[in-house]
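Read the structure below first, then the notes.
The values are calculated or read from the model by the stated rules, or taken from the named source; none is laboratory data. No experiment lies behind these values; they were computed from the predicted model shown. Neighbour counts run over all protein chains shown; Cβ positions are idealised from the backbone, glycine included. Only protein heavy atoms, including side chains, enter the accessible area calculation; ligands, DNA and RNA are left aside. Shrake-Rupley method; radii C 1.70, N 1.55, O 1.52, S 1.80 Å.
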Amino acid sequence: MSAPGSGAIDKNSLHHRNQPVNSLTILSRMFTLYRQVQKQERYIQSHLPKLLADVVPDHHQTFSPPHIKRITKYWQLALNVICESLYNLTGKKLHADEYKRIILLSVFGPLFDDLFDDQLLTNEQIASLVSNPEKYVAVNKTDLLVVKLYLELLRLTPRPQQFIGHLQDVAHWQNESLKQLNENITEEELYKITYNKSYYAVLLYCAVLDHYPNQKILEMLYPMAGLMQLTNDAFDVFKDIMNGVYTLPNLYLNLEQLQQQFMAETAKINQIISQLPYPVKARQAYAITIHSLPAMGWLALEQLKQATGGISTFKALSSLSRKTLVCDMDSLSQKIKWLQHIRRFTNYYG
C-alpha cells in the first residue's frame, strides 16, 4: 500500500543524511517516553473532569472507569505518536488550546466509534450528524454526547471545514470496516480498510492542530497509520476472533507476507524521514517513537507464527486459547526483544 503521489527514493542518497541509531539512544528515548506517559496519567486524572464538566455537566454518570481508561489510551496514543511527536520533529510546541482539543477529540473518538460498532445509528443518521451537527436531533444518549463534543471541537478547531471533511472520511471507512464481519472479505479489501481507517483517524487529530502537516509528512503518515492498525490487529487476534471480526492476521494467516509488509513500510517511512529538513536528533527521536508500536506488532506476529504452525483456517485458529494468542509484553526478555526490534526498524532502509 502506498500514498498517492509518493515517488521512488534513491537509497544511495540516504547514507549522508543518516547516522545509525545505537541502543543507548533507543533506550534513552524510550525512557523519556515512559516518563511522559507517567506524567500524562496524572495530568488527565486532574484535568479531564473539569474539561468534561464544561461540555458534559453530568459526566460522572456518563463515563465509567472503563470509559476513562479507554479515553486515556486514545489520548496517549494521539499525543505521543501523532501530535506531540510531529511537533517535536518540526521544532514546534503544543500550547494549551491544542492540548484541550486533543483531549476532547480523544473523548469524542471512542463514542463516535461506538455509533458504528454498537450499530446505534443508521448510515444516513451518521452522515446527517457529521455534515450538519447543529440541526441533528439525537436519538440516544451516545449520539447526544457525540454531538455536544463535535460542536465544541468545531468551535475550537482552527480549520472546522477540514475537520468535517476528515470526519466524513473516518465515517466512510468505519462503515467499510463493517465488512470485516463477513468471512468472505478479500485480502485486498482488508488491506484497504485497515490502512484507510487508521490514516483518516490520524488526519483527524492533525486537523485540530494549529499547524497541519505538509505533503511529505502526509505521505509518511499513510504507511505509519497502516502499521499502527496492523499492530493493533496482531495484538487483538483473540478479541477479534471472539467478536467475529476478520482481520489480516486472523483470516488469511499470511504472517510471513505481513512481516514483509512491515519491513517494506518501515523502509518507506525511514526514507521519507531522511529527506525532511530537520535536525538529525529530531528525526531520530521521531523515528524511534513511531517505530515503537510496529516493533510490538512484529513480536505479536512472531508469537502468532509459533502458535499457528500447521494452522491455516480461521476456524482452527479460533480453537486456540487466549494465553496462546495474546502477546505478553511484561517479561524482561520480551522488553529486550522489543528494544532490539525498535533499533532494527529505526535503522532499516530496505
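For the chain, averaging the sequence separation of C-alpha pairs within contact (under 8 Å, six or more residues apart) and dividing by the residue count gives a relative contact order of 22 percent. For the set 329, 242, solvent exposure ranked by accessible area (probe 1.4 Å, protein chains only) runs largest to smallest as 242, 329.
With a 10 Å radius around each residue's Cβ, average the other Cβ atoms per peptide and rank 289-297, 259-267, 114-122, highest first.
Details: 289-297: 23.9, 259-267: 18.1, 114-122: 15.2.
Highest to lowest by the protection proxy: 289-297, 259-267, 114-122.
One Cα centroid belongs to segment 175-222, the other to segment 279-337; the line between them spans 21 Å. Normalised Debye scattering of segment 21-213 at q = 0.13, 0.18 Å⁻¹ gives log10 I(q)/I(0) of -0.75, -1.32, counting only Cα atoms as equal scatterers and leaving out solvent.
Relative contact order of segment 275-350: what whole-number percent is it, with Cα pairs under 8 angstrom and at least 6 residues apart?
On the way: 32 pairs, mean separation 36.0, N = 76.
Answer for segment 275-350 is 47 percent.
Here the accessible area is traced with a 1.4 Å probe on the protein chains. For segment 21-213, carbon and sulfur cover 54 percent of it.
Dividing the convex hull volume of the Cα atoms of segment 93-195 by its residue count, what figure in Å³ per residue is obtained? Spell out each step's value before the answer.
Working: hull volume 11.3 nm³, N = 103.
Enclosed volume per residue, from the Cα hull, is 110 Å³.
Simple point charges give the picture: +1 on the Cβ of Lys and Arg, -1 on the Cβ of Asp and Glu, and for the chain a dipole about the Cα centre of about 1360 debye.
The Rg/Rh ratio for segment 291-345, using Cα coordinates for both the radius of gyration and the Kirkwood hydrodynamic radius, is 1.04. Loop exposure criterion: trypsin sites (Lys or Arg not before Pro), DSSP state outside H, G, I, E and B, at most 12 other Cβ atoms within 10 Å. Applied to the chain, the longest stretch between such sites is 136-350. Please list log₁₀ I(q)/I(0) at q = 0.15, 0.28 Å⁻¹ for segment 32-103, using the Debye equation with identical point scatterers on the alpha-carbon positions. Debye curve over Cα of segment 32-103, log10 I(q)/I(0) at q = 0.15, 0.28 Å⁻¹: -0.53, -1.45.
What is the percent carbon and sulfur in the accessible area of segment 214-349, measuring with a 1.4 Å probe over the protein chains and ignoring ligands? It would help to have the intermediate numbers written out before the result.
Values: 3070 of 5640 Å².
About 54 percent, which is the carbon plus sulfur part of the accessible surface.
With all protein chains kept in place, the per residue accessible area of segment 214-349 amounts to 42 square angstrom at a probe of 1.4 angstrom. Here residue 41 sits with roughly 70 square angstrom of accessible surface, probe radius 1.4 Å.
Just one of (i) 17.8; (ii) 21.5; (iii) 22.5 is mean projected area of the Cα convex hull in nm² calculated from these coordinates, so which is it? Evaluating mean projected area of the Cα convex hull in nm² on these atoms matches (i). Applying a length cut-off of 27 Å (Cα extent along the axis) and a mean Kyte-Doolittle floor of -0.5 to the DSSP H helices of the chain leaves 23-55, 96-117, 187-207, 215-235, 255-275, 280-307.
Rolling a 1.4 Å probe across the protein heavy atoms gives segment 21-213 an accessible surface of 48 Å² per residue.
For segment 214-349, what value does the Rg/Rh ratio take when both radii are computed over Cα atoms and Rh is the Kirkwood radius, given to two decimals? Intermediate values should be presented prior to the final figure.
Working: Rg = 15.9 Å, Rh = 15.7 Å.
Computed over Cα atoms, the ratio is 1.01.
Projected label points at residue 92 and residue 27, each 7 Å from Cα along the beta carbon direction, are separated by 3.5 nanometres.
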